[in-house]
Amino acid sequence: MKRHLLSALVVGLVAASAAQDAPAKKSITMVPFKTNLPTYSVSGSDLTAQRLVQELGDEFNRYFTQSRRYVVLSRQDENAIQDEGGRMAGSNFRPEELEKFGKRLGADVLVTGEIKEFYIAAPRTIAVSGGSVVDRAVFSLAYRMVDMASGEILDTDNLTVDFTRREINQLRGDPLALTQALMSCAMLEIAKVIDPPKAVKRMKNGDYVINRGGSSVIDGSFLDAYGLEEEIVDPDTGEALGSSENLLGIVEVTRVDKKLSYARLYSGEISDDAIENGVVLRPHRATPEERDAAAKAAEEARQKASEGIRLPFD
């Protein structure tokens, strides 16, 4: 009995020591984004700005919680935090204000911004099939990511998620599924700055293992694979600016588990050496050719809908 107790004590001490040695996770929070409209159009129905902001906040919490690399602080329901965070989305603030606000939040990293545009075009009835077609699905926002301790802006950018016809068809034009997918893609774009998913292994069948799962990866989505190369250092300040990246190819996600995902190579080449050096994955940005093809397909669908059913004597 004493031997078992001693073993359990040793195991507990080793686990506690490992926990102390592990680097502390940074905390991150997103204050509700500002909006410029009271409602947004989703297939002919209205989605309130409050609901849209809440959906984005929920997606943020899901993504970073499942990444297991950050402590996520939820601050969606505090009015004072919302007002102050909205002001931080602008450029008129002082570093000392950020430090004070950061201590109030208890967060190391703050994400805030503004929703510029969100809509899923109303479906058109097609006489031939009796079905419906969603023409566009667009989500546009501006965001800012700030290190609350130093006041340094880690990243600030405008991004637009604009689904092609193929991506819309993959989700069967379902407004709820499209809303969720738009949110997920936007979150992937924001998260890629500080926490991009990576291809960590090539399996015997040629598929790749991705170190993300759950709602942070979309089954059936396409991701651009970038190989990490040499680190870039500012010659004037000596500051590390990050690693240069080389586009290696495109992968298609084929399966999503709770903590891992799997993808097949769609185009290009990703070697084992590249994976060892580091391969980061980012949402695929459609090329001009892909956009043109999507626009052509949408125009053909509209023409087909306007023609209706033609009888032999027409």
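The values are calculated or read from the model by the stated rules, or taken from the named source; none is laboratory data. Just so you know, these numbers come straight off a predicted model, no measurement behind them. Here the Cβ positions follow ideal geometry from the backbone for every residue, glycine too, while neighbour counts run over all protein chains shown.
Table for the structure above
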item	result
Candidate set: the range 18-47, residues that are over 21 Å from residue 143 (Cβ atoms) and surrounded by 10 or more Cβ atoms within 10 Å (Cβ to Cβ); chosen: the one modelled with the highest pLDDT	39
Subset of the range 144-159 [within 20 Å of residue 117 (Cα to Cα) and surrounded by fewer than 14 Cβ atoms within 10 Å (Cβ to Cβ)]	157, 158
Subset of the range 241-261 (residues that are assigned to a strand (DSSP E or B) and at pLDDT 85 or above)	246, 247, 248, 249, 250, 251, 252, 253, 254, 255, 256, 261
Count of residues meeting criterion [touching a residue at least 40 places away in the same chain (Cβ under 8 Å) and surrounded by fewer than 16 Cβ atoms within 10 Å (Cβ to Cβ)] in the range 227-276	9
Some residue of the range 195-212 being over 16 Å from the mean Cα position of the chain (by Cα) and of a type in the set (S, T, N, Q)	yes
From the options 151, 113, residue that is in a loop (DSSP other than H, G, I, E, B) and either at pLDDT 85 or above or in contact with a Leu (Cβ under 7 Å, 6 or more places away or on another chain) (or both)	151
So residue 87, is it surrounded by 12 or more Cβ atoms within 10 Å (Cβ to Cβ), at pLDDT 80 or above and in the same structural domain as residue 148 (by TED's automatic domain parsing)	no
Residue in the range 169-207 that is surrounded by the most Cβ atoms within 10 Å (Cβ to Cβ), counting only those that are touching a Leu at 6+ places or on another chain (Cβ under 7 Å) and of a type outside the set (A, V, I, L, M)	197
